[in-house]
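Novice: Handing you this structure, nothing more for now.
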Ligand code: KIV
């Protein structure tokens, strides 16, 4: 452990003072690296599905898979707050949301995230009432990507802008400790950031959120074939990794008589 442990409160206290850095981890070694770098918020995202499990999208990820990977991350005991995603269709009712959230907490999560605003408000209220810290997620919602028109930027028209503002306020009032804003137009993301008391954590939503979150493999350039537009890795570590593996393999071949 690098420093004092983060809590939802220490994350919230950064609003207006210090930008919040959040990254994903799905296993023990990555959680250790994020801890060594002092990352205050560690998300066991359901991007797990594409990044680690080879699924086409997040809708294939199960609660058991999320619990398995959350436990691996929690075993690293990072000082960053460990938040786990409630996977697709694991929070259809308030009762199911609480049962699923408790399962992730039993695996080691210190908070849970779910996608949606007013549409899942009873679920959010039930999770918060059960004493489980809740992180919202608005904008482009990967779990709805099949019905929701793909990975498109949100907030471009008045209707979307108003819905995002209303959803953000509703999540704040329901007791969420923060909101991830994914692919929201920078102007609307900035407006939400000014409107709500809780921190906004953007991904592809401009520079004016209270923090930024990335899928760690995108930051490091180790995703096998896809780099999203909002990130420019300093180096494609995957090329270096392949080079090291090839170097080792070629060295073996040379030693053979
Ligand atoms: O699943 C995930 O990694 C996420 C982040 C992209 C915010 O939800």
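Novice: What FRET efficiency comes out for the pair residue 89/residue 237, r = Cβ-Cβ distance, R0 = 30 Å, nearest 0.05?
Specialist: Taking R0 as 30 Å, the efficiency between residue 89 and residue 237 is 0.30.
Novice: Still on this structure, please answer the following. In nm, what is the difference between 0.36 nm times the number of residues separating residue 57 and residue 153 and their Cα-Cα distance?
Specialist: Answer, rounded to one decimal: 32.8 nm.
Novice: Obtain the nm distance between the two label points defined at residue 230 and residue 99 by a simple spin-label model: each point lies 7 Å from its Cα along the Cα-to-C-beta direction.
Specialist: 3.3
Novice: Moving to a separate point now. Please order 113, 15, 249 by the number of other Cβ within 10 Å, starting at the fewest.
Specialist: 249, 15, 113
Novice: Same structure again: If you rank 46, 225, 27, 197 by fewest surrounding Cβ atoms within 10 Å, what's the result?
Specialist: Fewest to most other Cβ atoms nearby, the residues stand as 225, 197, 27, 46.
Novice: Among 236-244, 5-13, how do they line up from the highest to the lowest mean number of other beta-carbon atoms within 10 Å? Working shown, then result.
Specialist: Values: 236-244: 12.6, 5-13: 16.7.
By packing density, highest mean first, the sequence is 5-13, 236-244.
Novice: Which of 177, 226, 28, 134 has the fewest other C-beta atoms within 10 Å, and how do the rest follow up to the most?
Specialist: 226, 28, 177, 134
Novice: What do the square roots of 5 times the Cα gyration tensor eigenvalues come to for the chain, in whole Å, largest first, as semi-axes of the equivalent ellipsoid? Each step should come with its number before you reach the end.
Specialist: Numbers: eigenvalues 197, 85, 67 Å².
Ellipsoid semi-axes (Å, largest first): 31, 21, 18.
Novice: How compact is the stretch 154-257 by the rule of thumb for globular proteins, expressed as Cα Rg over 2.2 N^0.38 Å?
Specialist: 1.61
Novice: May I ask you to derive the FRET efficiency for residue 7 and residue 77 from their Cβ-Cβ distance with R0 = 25 Å, giving the value to the nearest 0.05?
Specialist: 0.95
Computed from the coordinates by the stated procedures, all read-outs in this text should not be read as laboratory data. In this text the structure is predicted, and so the values were computed from the model without any measurement. Here Cβ is always computed from backbone atoms with ideal geometry, including for glycine, and neighbour counts include all displayed protein chains.
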